[in-house]
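A short write-up of the structure that comes next.
The values are calculated or read from the model by the stated rules, or taken from the named source; none is laboratory data. Since we're looking at a predicted model, the values are computed, not measured. Cβ placement follows ideal geometry from the backbone for every residue including glycine, while neighbour counts extend to all protein chains displayed. With ligands, DNA and RNA removed, areas are computed over all heavy atoms of the protein, side chains included. Shrake-Rupley method; radii C 1.70, N 1.55, O 1.52, S 1.80 Å.
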Amino acid sequence: MQPDTRKTSLSAESLPKELDVAAIKADFPVLNQKVNGYPLVYLDSAASSQKPREVINAILEHYRHNHANIHRGIHTLADRSTQAYENTRSHVARFIGGTEPEEIVFTSGTTDSLNLIAFAWGDLNVHEGDEIVITEMEHHANIVPWYQLAQRRKARLKIIPITVCGHLDLSNINDIITSRTRIVALCHMSNVLGTINPVTEVAAIAHRHGAIVVVDGAQSAPHMSVHIRDLGADFFAFSAHKMLGPTGVGVLWGKRELLEETPPFRTGGEMIREVRFDKVTWNDIPHRFEAGTPNISGVVAFDAALNYLERLGMPAVHHHEMELTKYAFGRLAELPGLEIQGPQDVEQRGGAISFTDPVIHPHDIGTFLDSRGVAIRAGHHCAQPLMRVMGKVATARASFYVYNDKQDIDVLVESLKEMRKYFGV
Amino acid sequence: MSSRLDDMYREVILDHYRSPRGKKPLQKANVLSDGINPACGDQIALSAQIENGVLKDVHVDCRGCAISVASGSMLAEAVKGRPFDEVRKLAETVRKMLRGESDLQLPEEFEDIESLKGVRNFPVRVKCALLAWVTLVEGLDRYAAGKTTEKAVVSTEQE
């Protein structure tokens with residue numbers, strides 16, 4: 001069925017301890033270009049990752065040969081499309097440590113997944129006087145839906161603070177998570193600080209008080225093995241586009257019993273079992289949450305992204321990024337005064353490195369680096385409350401993925417040195 | 001490319017950035033306006049003193065990038081001592097210049113401001129350069145509406 005468009009340099013059997021980054025780079029067409037006259041160095045994968053040829057080809061394949069709407073046609077293409085879509089669902093279930101496909105809901109992204117829980121589960125289960133707990137290091141996507149839910153239900157939003165080193169400060173956790181707590185929502189890994197949070201520990205405390213635990217896995221699922229059952233989460237949300245997959249595809253994993261008690265969030269086609277003008281019954285999970293025609297080609301191509309990551313092996317991906325992060329910490333230390341946010345111990349963090357220069361504003365850093373072909377993120381990273389806690393208006397952030405190597409970091413560091421000369425500081 | 005970069009970060013811009021003008025706090029301000037650029041977190045606190053339709057003095061405190069700080073500094077220098085109406089016109093001209101809607105030559109006395117033109121080639125940075133100007137205009141609007149005790153808060157997202 002598939003012509004040989006999936007050229008890749010890595011065999012299915014190998015689980016390299018060291019990633020062959022030169023071969024991986026060759027799999028990503030976008031990386032083979034000059035930007036502003038310099039070879040592109042892409043260090044913004046925490047915002048969105050680039051796509052390997054086989055993911056791009058999977059989208060083309062879908063539209064060239066197999067596209068039809070899913071779950072409703074009785075013809076061959078409808079069947080192929082449906083099979084491919086559902087195949088990705090099963091694949092996602094295996095990818096996050098082996099769970100049931102029915103527990104995998106496709107959404108448009110992490111933000112959409114979190115909104116689904118906040119509206120559908122939240123409106124049903126959070127009442128006046130209840131409490132919702134989040135942390136100081138959350139991305140806006142894991143703040144605003146809970147803020148809104150608290151407003152709607154007259155509940156109280158409580159915040160777990162962070163320490164000066166950028167870890168969750170759990171010293172007063174028993175005052176924060178109480179018997180009134182209904183939801184504890186936290187990120188698995190911070191997109192700004194890089195901190196990997198002790199989700200299992202927090203989940204145990206939350207569960208003792210009867211609260212559910214919602215984990216924003218947007219920054220963890222792409223970079224490390226996630227075993228959903230070990231994590232202790234009740235809901236786990238992540239996005240395909242940060243893990244080599246297409247944009248517009250997200251995942252919400254939820255425990256079966258929780259999904260089953262949750263009413264639909266968006267309503268329309270596909271999510272119903274029977275519609276009469278006087279009574280509507282809902283479809284089973286997960287279809288109940290997938291109203292309308294979803295991003296079919298995106299979901300289908302996400303399967304190729306998962307294949308790619310599995311061939312590399314998530315432990316190898318994680319190991320590679322830790323090595324890069326260690327190397328980056330060493331080299332960035334060559335710039336006096338440069339301040340790196342978050343844990344300094346590489347074992348406790350991922351490969352998103354936020355930093356500030358004592359004189360040069362992050363946006364000027366971003367523009368200067370771009371002039372040298374280096375793509376980083378600059379700004380508040382949709383984490384304004386955290387910026388306030390850190391006493392910063394913005395930071396520059398370099399983030400790594402499987403296609404980055406030490407030379408990329410060298411280019412970053414040399415460009416930062418040039419930048420300081422340029423701005424005369 | 002570097003020339004494009006140099007076109008934005010002209011020496012005069014870097015000079016305003018390194019030593020911003022108008023940072024001296026005012027004793028008697030009757031225009032208070034805060035501006036933010038939510039996309040990057042740039043902040044500006046602007047206060048001015050108007051007397052008989054003239055901007056006697058202006059204080060600009062920017063926390064932001066080189067472009068926003070330099071633009072605020074240039075504003076402070078340019079508007080001081082000028083009639084209210086002239087300042088409004090100038091702000092409008094600067095806005096048009098930055099948005100590429102006009103190639104109006106600014107009078108020679110505003111040549112520093114003219115140097116912000118290079119920002120046009122970096123669309124994502126236009127808001128940085130505009131921040132001080134929209135903040136000032138919002139403050140003047142408030143003043144004109146008689147709301148002198150209320151602090152105006154303006155965001156470049158409204159631009």
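No other residue among A:345, A:405 is in contact (Cβ under 8 Å) with a residue 40 or more places away in the chain and out of contact with any strand residue (DSSP E or B) (no Cβ under 6 Å at 6 or more places or on another chain) apart from A:405. The number of residues in the stretch A:381-408 that are under 17 Å from the mean Cα position of the chain (by Cα) and buried (at least 21 other Cβ atoms within 10 Å of the Cβ) comes to 8.
In the set A:193, A:124, only one residue is in contact with a helix residue (DSSP H, G or I) (Cβ under 8 Å, 6 or more places away or on another chain), more than 24 Å from residue A:382 (Cβ to Cβ) and touching a residue at least 60 places away in the same chain (Cβ under 8 Å); that residue is A:124.
Looking for something under 27 Å from residue A:225 (Cα atoms), open to solvent by 10 Å² or more (accessible area, probe 1.4 Å) and modelled with pLDDT of 95 or more - is there at least one such residue anywhere in the stretch A:174-185? There is no residue in the stretch A:174-185 that is under 27 Å from residue A:225 (Cα atoms), open to solvent by 10 Å² or more (accessible area, probe 1.4 Å) and modelled with pLDDT of 95 or more.
Here's the yes/no breakdown for (1) open to solvent by 10 Å² or more (accessible area, probe 1.4 Å); (2) over 27 Å from residue A:393 (Cα atoms):
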site	(1), (2)
B:98	no, no
B:111	yes, yes
B:118	no, no
B:121	yes, no
B:128	no, no
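Restricting A:347, A:414 to those that are among the acidic types (Asp, Glu), more than 14 Å from every other protein chain (Cβ to nearest Cβ) and within 21 Å of the chain's Cα centre (by Cα) reduces the list to A:347.
Those strands (runs of 3 or more DSSP E) of the stretch A:221-333 in which at least 2 residues are open to solvent by 30 Å² or more (accessible area, probe 1.4 Å) and β-branched (Val, Ile, Thr), considering only elements entirely within it, cover A:272-275, A:280-282.
So which residues in the stretch B:31-79 are among the polar types (S, T, N, Q), open to solvent by 10 Å² or more (accessible area, probe 1.4 Å) and away from every other protein chain (no Cβ under 14 Å)? Result: B:47, B:49, B:52.
Of all residues in the stretch A:34-61, those satisfying the criterion of being away from chain B (no Cβ under 14 Å) and open to solvent by 60 Å² or more (accessible area, probe 1.4 Å) are A:53, A:56, A:60.
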